[in-house]
Amino acid sequence: MLGKQYKARLCLAVAGVLCASSVFAGTGLEASAAVNAPAVTSAGGWLESAYVTWSASEGADGYNVYVTGESGEKLLDDELIRVYSNGSGQQYYRADALGLSSGNYSFKVVPVENGKEQAGASSFSQTVYVQNHDRSGFGFVNGTSNGAYNADGTLRSDAVVLYITKDTKDSVALDVVTNAKGATTSATGLQNILNLYKKGYDKRPLDVRFVGQITDFDTMEGGDICISGSGDSKRLSCGITFEGVGEDATADGWGLRIKNASNIEVRNLGFMNCDSNEGDDLGLQQSDDHIWVHNCDFFYGYAGGDADQAKGDGALDTKKSTFVTHSYNHFYDTGKSNLQGMKSESTENYITYHHNWYDHSDSRHPRIRTCSVHIYNNYYDGNAKYGVGVTMGASAFVEGNYYRNCKFPMLISEQGSDVIENWDTLKRNEDYGTFSSENGGIIKSFNNYIEGAQSYVTYQENTKEFDAYEVSAAEQQVPSEVVSYKGGTSYNNFDTSAIMYSYSADAPEVAKEKVQALAGRENGGDFKWDFNDAVDDTDYGVNRELKAALNSYETSLVAVGGGSVDSPSEGASDSSSEGSSEAAGESSSDSGAEASSESAGESSSEAASESSSTEKEPETPVEVTSYVHNFTAQGKVSDFFSIVGNLSTDKGTVIYNDKKLTQCLKIESKTSIKFTAASEGQLTLVFGDKDSSIKLDGDAVKETSNVMTLDIKEGAHELTKKDTENLFYMEYVTKGQSQVEEPSTDEPGNEASGEESSEAAGEASSQESASEASSEAAGEASSQESASESSSEAAGEASSEEVNEPVIEEPGSDPEPVDPEPVQETGTWSTKWGKTTYVFPDGTVATGKQTIDGVTYFFKNNGSLIKQDFVDIDGDRYYADSEGRMVTGWKDKWSARYHFNDEGKMDTGMTTIDGNTYFFKNTGKLVVSNFVTIDGNTYFFNSEGKMVTGEMIRWHHKYVFDENGILIEG
C-alpha cells in the first residue's frame, strides 16, 4: 500500500556505505526575543547528498540553510528548501544539499525576519556522513558518464543549474549559446532549452534538478523530454545531469529519451504512469555513449495496445548505445524491464548492469541482442518469467547475482530451458521459445546464488541444451568450441580483454543486502510497496492495488523555497550552491526559478509559521455524500447506480478531473441507469461528444458541452436514451455538499492504449523492415512468456528515429477486453505454452470463425486461437485482439488506424462513422492529413481522418470544399 513499509531497509551503516545520524536543535548564540530557534528534527547523509528537517519557528519569515564540510560553509539554494505535510495536518521544512564529496557534514538553519538573518536563533544538526556513488562499469571506460558533476561528486565549476518545479517547469528560462561566435538565444521551458543545447555550441555542463511531482510539460516530444544531439557524428557532449532533489522527485506521466548524446547522467528520479508515444519510462534511443542511469525507481506506465504492455512498455531500454552503466535502480513489478540492443547492433557495444533490484519484475533483466554485457551483483526478487536472456550472438557475463524465485535465471534463445519440453527425453519444442526464434548467444556464469528456479542447466551438465557456461573463476575464459545451438556463435570473452574495467564484485548475499539498502531513490523514495511473495512471485499480471496506488499518488510537498535571503558577508565563506560556482548560481537565478520559489517560499513560510504559532479552533468535519461512477475503472458495477447497457472502449477518450477515461456506457434504446436519491442534489454526467443529451425520468435534457449537470430531487430516478451518446463518468452529490474524488482503481481501462507498440516505431527505418518486426512479434507470441514479449517489441524496432506524428485519441484505440481469458460456460478453454484452444462439449476442437458464449473468435486449423492479428475469411478481413476476440470499432496497429464495422469486417473506401466521413485504403489503413481523388473528385481528410468541408488553410494556401467534401476552390 502507499506509505506502507516494505522490507525493512538496512541501516546504511550496516551496508558500509553511509549512516543517518541523530540530530539536535541548538543555538550558536542566545536567541533573540522576536524569533525562536527552529527545532531541528532529523538529518541524514546519503550518496553525495545530505538533508536536514526542522519545524517552523515563531516569528520567522523564512530560513537560510548552510552545510558545512571540509571545504567550509556553503549557503544552499532557496529551491533546495521545501515545505512538506506530514499527513497529520502539520507541516515541516526540509533542505537537501547536493554535490557533496564523501565526508562528514553538518547543517545550520538560520531564521530570517524582515529580510535579515537572525543568527542568534540558529539551530544546528549533528554530523552526518556522506558516501560517494559507485562509479563502476562500462560507463566509465574510455570516457566519463558523470554529466554535470566531477568524479568526486562535486558540481563542475562552470555548470548551469536549473530547478524544475510544478510552478517553474514551463517558465524556466535560460540564454543558450547558439552559434560559433558565442551569440545566445533565450529559451523558455525545459524542452526548448534542450533543443537549443542540441546545436552543440553551448559547452557549459547542465544540471537539471527536479523538485517534487512533475507532470507533463507544455512542450515535449511525443510525451517525452528528449536530450539529443543533432546527429550521430554531432553528439551532445557538454555533460548533462538530470537528478531528483530529496526522496520524492517524480516524473509522473512522461518519459525521458536520450539520443545522439554523450556523458549523460540520470539519478534519483521516480518514473511512473508514462503515456508517451514511445512508451518507455527512460529510453536510450540511438547513438549514445557514456550514459549512467542510477538510483532511479521504475513503476508501471500506462498500458499500450498489445498484450505485453499492460504494465506499460519498456522501463529502461538501451538501443544502439555503448559504454553504458545502469546501476542501483529499483524496478517495481515492471513487465519489460531492460531491452538491450537491436538486430543491427554491434558486439562492441559495451554495457554494465549492476546492483539493480528487480523487485517482482517479469522479464528482460536484460534481454540482450548482439551486445557485450556485464551483469553483476543484481537482486532478482521473485521474477515470473526470466532473468537474463541472450540472442543474436550476444555475450553476457553474469556474475555474483542473487536469484530468489526467478523462474528461469538465464536463457539462451532456442536452446536449453528456452525450448526443452521434457528434460528426461530432451524433447525440444521450439514453440516454447521466448525470443521470436532469434539465434542464440552465450552466457558465462560465475558465483551466482540461485534458489527456487524452475530450470537452470549449465554446459557442464549438457553441452548442447545449456543455459550458461559455468566457470570456476571470473578470469576463466569460455572455450571457442562452446557455441549456441542456433546460430553457432561463441562467447567473445570481452570480460578478459583489454576493454574490461577494474571492479570489485560483492558476494551474492552481500549484494542482496546492499541492493535492498541503496537501490532506487534516496532512502527508498517516498513511495513504498510491500509485495506478497506467495502471490506476486509467479504472477505477471498487473498488481491492481499497486496500480491504483500509482494512479492516486500525490506528493506531500506543499511549497518550494524557504524564503531565504542573501547571506551577510560574514559567517559564510561562499554564497554559491553547495559547491557549485557563481556561474551556476547565476544561471539558476536566470532560469526564473528563483523568483517563483521566493514567492512560494514566503507564502509557505508564513503559512508554516502561522500553523505552528497560532492556535485555531478545530473545524467541524463536513459529511460529504457523493457517489462516483467511473466506467473506465468500474465497468457497470456500482453500489448506488443500477446500470443496464453495453460498454465500449472504442469511443475515444475523455480527460476529466485529470483522469483519462477510456471506457464508456453506450446510451442506446435498451440502456437504463436507475438510482434513488436520499435527498436533493446534483448529478454530473460526462459524455464523449460536445453536444450531449439524455432523458431524466422521461424528460429530454440537452447540453452544448460534454459535461451535463442535473438537479435531482429526493426519490427514485432513471436515465434513458434521448439520442445515441457515450457516457464515461457520473457523480451524484447531495445538495450543499462538496464533491470528492472517487477512490482510484487500476482497471486496465484507466490506461491509454494509443501507442500500440512502443518499440514499434523503433527500428523500422533503421536497418530492419517492418515486416521483419512483424515476424518477430508472431514468433514471440507462442513463447513461455505467454505472448507477452511479442508484438510490441517487434513493432518497437520499426524506427530508431522517433516519429513525431500527432497522437489521435478520438476515436479511441484498441478495444482490449478486461477479462484475462474468455469466460467458460459451454466448453473448455485451455492454454499451454502460449497456445489457447477451445473444446466443445462434444469433444470437437474449435477451428475457423466461432461464436462462443456470445463472443466471436478465430482459430487456426490446428485449433490455436488467433490473437492480435488480421484474419481473412471469404474476402473479408477481421482482427482478433489480445484475447482472441473479434474487434469492432477502431483499432490502432503498426502506427496505422483501422475500423471494423459491427460485423467485425474491416472498412475500406469512403465510410461514414458516427456522422463523420473517413477514407480507408484497400489495405484498411485510415488516410490522414492528405488529399484523395475518387471518381474525379478531390477530397481532404484531416489529422483525425475526418473529411473536411468548408474552408481550409494548408501551407498558407486556401482550399474550399462543398458540403459533400468535394474540392471546389484551391
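Throughout, read-outs are computed from the coordinates displayed, never taken from laboratory work. All figures in this text were calculated on a predicted structure; none of them were measured in a lab. Please note: Cβ atoms are built from the backbone with ideal geometry, for glycine as well, and neighbour counts cover all protein chains shown.
At a glance:
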{"read-out": "Cβ crowding within 10 Å averaged over residues, with 944-951, 261-268 ranked highest first", "value": "261-268, 944-951"}
{"read-out": "C-alpha center-to-center spacing [region 156-202, region 426-442] in angstrom", "value": "49 Å"}
{"read-out": "Overall Cα dimensions of region 493-552, principal axis frame, Å, largest first", "value": "49, 27, 22"}
{"read-out": "Relative packing of peptides 179-191, 219-231 - highest average C-beta neighbours within 10 Å first", "value": "219-231, 179-191"}
{"read-out": "Per-residue Cβ neighbour rank within 10 angstrom, fewest leading, Phe961, Phe107", "value": "Phe961, Phe107"}
{"read-out": "Volume per residue of the C-alpha convex hull in region 626-739, rounded to whole Å³", "value": "93 Å³"}
{"read-out": "Viscosity 0.692 mPa s, 37 °C: Kirkwood-radius Stokes-Einstein D of region 116-216 over Cα pairs, µm²/s", "value": "196 µm²/s"}
{"read-out": "Hydrodynamic radius (Kirkwood) for region 907-970, which is based on Cα pairs only, to one decimal in Å", "value": "11.8 Å"}
{"read-out": "Segment Thr496-Ser346, length gained on full extension (0.36 nm per residue, minus Cα span)", "value": "52.2 nm"}
{"read-out": "By average C-beta atoms within 10 angstrom, highest first, the peptides 660-668, 59-67, 456-464, 148-156", "value": "59-67, 660-668, 148-156, 456-464"}
